[in-house]
Amino acid sequence: MDLFARLDAYDYGEVHFKRDKATGLMAIVAIHDTRLGPALGGCRFIHYDTEQDALVDALRLARGMTYKAALAGLPHGGGKSVLLRPPQHFDRVALFRAFGKFVDDLRGHYITAEDSGTGLEDMDVLRSVTRWVTGVDPSHGGSGDPSPFTALGVRRGIEACVGKRLARSSLAGVHVAVQGVGHVGYHLCKELHDEGATLTVADVDPLKAERAQREFGAQVVALDAIFDVDCDVFAPCALGSPLNDDTIPRLKARIVAGAANNQLALPRHGDDLHARGILYAPDYAINAGGLINVAQEVVGYDEAKSRAKTLKIYDTILEILDRSEKLNAPTYKVADMLVEERLASARPR
């Protein structure tokens, strides 16, 4: 892969690599933009087929964090770390301590948090070797799992979309198909259920889907069948790029609004949704609640402030939808435009 051409394509930035032979650590920290403040973004620890896949994931995710932070009005740039899961047996604590030292060497230029494949225990290990970590256990002064805040923000974004497209003032009776009911997807189902929504779910783990069925009365369908569900809202909350050439023609929903990152396989898929009359809530705009919550830790955690800022995602989504309607432009382009305006007006740090 032509690394610098790839960096240019994503308008980077810098990338840091770390290999620690003793623990098996192979880590990538992508720092996309720091005009608004130090980079903040989660640490992903999953299997990748190739190192190139891991790098591209880090680059795309970090860019999304820049846009997410800017649109949420946070004093942070975008960063993301990716740890390649060792194929052989490894000491998880030792590996994360080595990663923590890597983060500490960056001296606050990048602040990490949990993401797919990591949890509170990992953040607590990092906290033992670096101060540049958020999302640690509340008993240690942190904010804990950010998933409920991400779900809260997505629910508010869905309410904005439902009001705009369906002219409904509540979620009562609104049918939402949720793809992925892991950490965030589960909490989103709870939020939606509490507001009276009807749920259909699918997950690669049948136990998670059954839990949503048991607790929220959700209908369970096969993983691939979730795209064919006749519903009001399709909520992607899983890994991957769910909106692509194969899936978009199958959608029967009038709204796409979910928690997953990088939902559009390619930018042109946002144009495809617009052409089909499907209202799309840009992923980095609607799923910013978790980032808002962990960002509050940097200045001194206050749950009430985190919740108040997360609730404003409703207003952000509504602004994007209104501008999209006036300009007859795809929502993802409108959201990008808003971000670029804010980045261009940022004062040099």
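Take the residues in region 177-197 that are small (Gly, Ala, Ser) and part of a loop (DSSP other than H, G, I, E, B), then tell me which one is surrounded by the most Cβ atoms within 10 Å (Cβ to Cβ).
The extreme case among them is 180.
For region 252-270, enumerate the residues that are crowded, with 21+ Cβ neighbours inside 10 Å, part of a loop (DSSP other than H, G, I, E, B) and either free of Cβ contacts under 8 Å to residues at least 40 places away in the same chain or charged (D, E, K, R) (or both).
Correct list: 263 only.
Consider region 43-73. How many of its residues are under 15 Å from the mean Cα position of the chain (by Cα) and closer than 19 Å to residue 339 by Cβ?
14
Would you confirm whether any residue within region 95-111 is in a strand (DSSP E or B) and within 19 Å of residue 146 (Cβ to Cβ)?
Within region 95-111, one or more residues are in a strand (DSSP E or B) and within 19 Å of residue 146 (Cβ to Cβ).
Working only within region 271-296, note down all residues that are surrounded by fewer than 24 Cβ atoms within 10 Å (Cβ to Cβ) and either under 18 Å from the mean Cα position of the chain (by Cα) or in a loop (DSSP other than H, G, I, E, B) (or both).
Selection gives 276, 277, 278, 296.
So the check is Cβ under 6 Å with 6+ separation or different chains; which pairs have a first residue in region 33-49 that's closer than 18 Å to residue 63 by Cβ and a second one that's at pLDDT below 95 and charged (D, E, K, R)?
Within 6 Å, the pairs are 42/114; 42/115; 43/115; 44/115.
The values are calculated or read from the model by the stated rules, or taken from the named source; none is laboratory data. Given the structure is predicted, the values throughout are model-derived calculations rather than measurements. Note that we place each Cβ from the backbone using ideal geometry, even for glycine, and neighbour counts take in every protein chain shown.
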